[in-house]
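Structure first, commentary second.
The values are calculated or read from the model by the stated rules, or taken from the named source; none is laboratory data. Because the structure is a prediction, the values reported are computed rather than measured. Virtual Cβ from ideal backbone geometry, glycine too; neighbours counted across all protein chains shown.
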């Protein structure tokens, strides 16, 4: 009897263990996701109106949500869009497991024109009145140009701005190398001839083509200088304006520089020293370093205005806007570039 009781007890315990094993063997039932997820980038940032892609690692199908859609929204793929400056917590939920990241929304950065950092200091001002400048440089400041007075060609044999030489007293010089702004474009280069004097300048005039009856014709009549009219703005406050020119030389010559305006008004200064024009002395306004490098020369417009130069808004006569005299020593070089007036 004792043996039978022992067998019965062993069989009962075996039955219990077998039942427990069967209970743990439910392999076909689905199990909820488990583990740890991370979102990158973390922390995250985005500008207003811009987007940033968030990524869940390891990759899994997730439900994305934003804790503050007034600051940032997120789509079903984790793409966040900045709505307003501030922060929002973005969450990715996989089953019962979730991961979150703080997204900082910053102000949309203004578009900054990279041009100013590339510009020479003389080009970072306003209200430019151009007598001479290369095309590449002019394009960089085109929005600030109030008057382009450079020598031109209307394409029909006429012009409204013309560079002239009195009686061939200058001849063309060499313009090899870079100009004042470092561009591979030319500048004005003239050499004094052998007649004992020299002179030339930039004439601004209106061109009208008509016959005596007012009908179109090939005849050219010069009258007025309307392109000079914008310079009248300088008269309101001449102290705000500066005349700019770059010159270079290796000789010892002194030059006279004249700015002209309305009704024959003008004022002349010496560059490189006092200029003696047959006994009439024009006082030095600037020196020149005579080593063949470019000299940047700036003269306050008050020098010219106080000396008698006047600009008006209704020019009824042609104007010699810019004039040079370089004396009578044969071979003297007049080389200049970047000639304009600007407002500081």
Which numbered condition residue 162 misses (of (1) part of a strand (DSSP E or B); (2) in contact with a helix residue (DSSP H, G or I) (Cβ under 9 Å, 6 or more places away or on another chain)): (2)
Residues that are under 20 Å from residue 237 (Cα atoms) and surrounded by fewer than 17 Cβ atoms within 10 Å (Cβ to Cβ), drawn from the range 313-324: 313, 314
Residue 299 being surrounded by 14 or more Cβ atoms within 10 Å (Cβ to Cβ) and either in contact with a strand residue (DSSP E or B) (Cβ under 9 Å, 6 or more places away or on another chain) or touching a residue at least 12 places away in the same chain (Cβ under 8 Å) (or both): yes
Residue within the range 108-124 that is without any contact (Cβ under 8 Å) to a residue 40 or more places away in the chain and touching a strand residue (DSSP E or B) at 6+ places or on another chain (Cβ under 6 Å) present: no
2 or more residues closer than 25 Å to residue 176 by Cα: qualifying strands (runs of 3 or more DSSP E) within the range 257-344: 295-300, 319-325, 333-343
Residue list for the range 141-156, filter: modelled with pLDDT under 95 and more than 25 Å from residue 323 (Cβ to Cβ): 155, 156
Members of the range 41-64 that are farther than 16 Å from residue 105 by Cα and in contact (Cβ under 8 Å) with a residue 24 or more places away in the chain: 56, 60, 61, 62, 63, 64
Subset tally (residues that are within 40 Å of the chain's Cα centre (by Cα) and surrounded by fewer than 18 Cβ atoms within 10 Å (Cβ to Cβ)) for the range 90-109: 6
Qualifying residue in the range 217-227 (condition: buried (at least 16 other Cβ atoms within 10 Å of the Cβ) and either modelled with pLDDT of 95 or more or not assigned by TED's automatic domain parsing to the domain that holds residue 256 (or both)): yes
When residues of the range 28-42 are limited to those that are in a loop (DSSP other than H, G, I, E, B) and surrounded by 10 or more Cβ atoms within 10 Å (Cβ to Cβ), the one modelled with the lowest pLDDT: 33
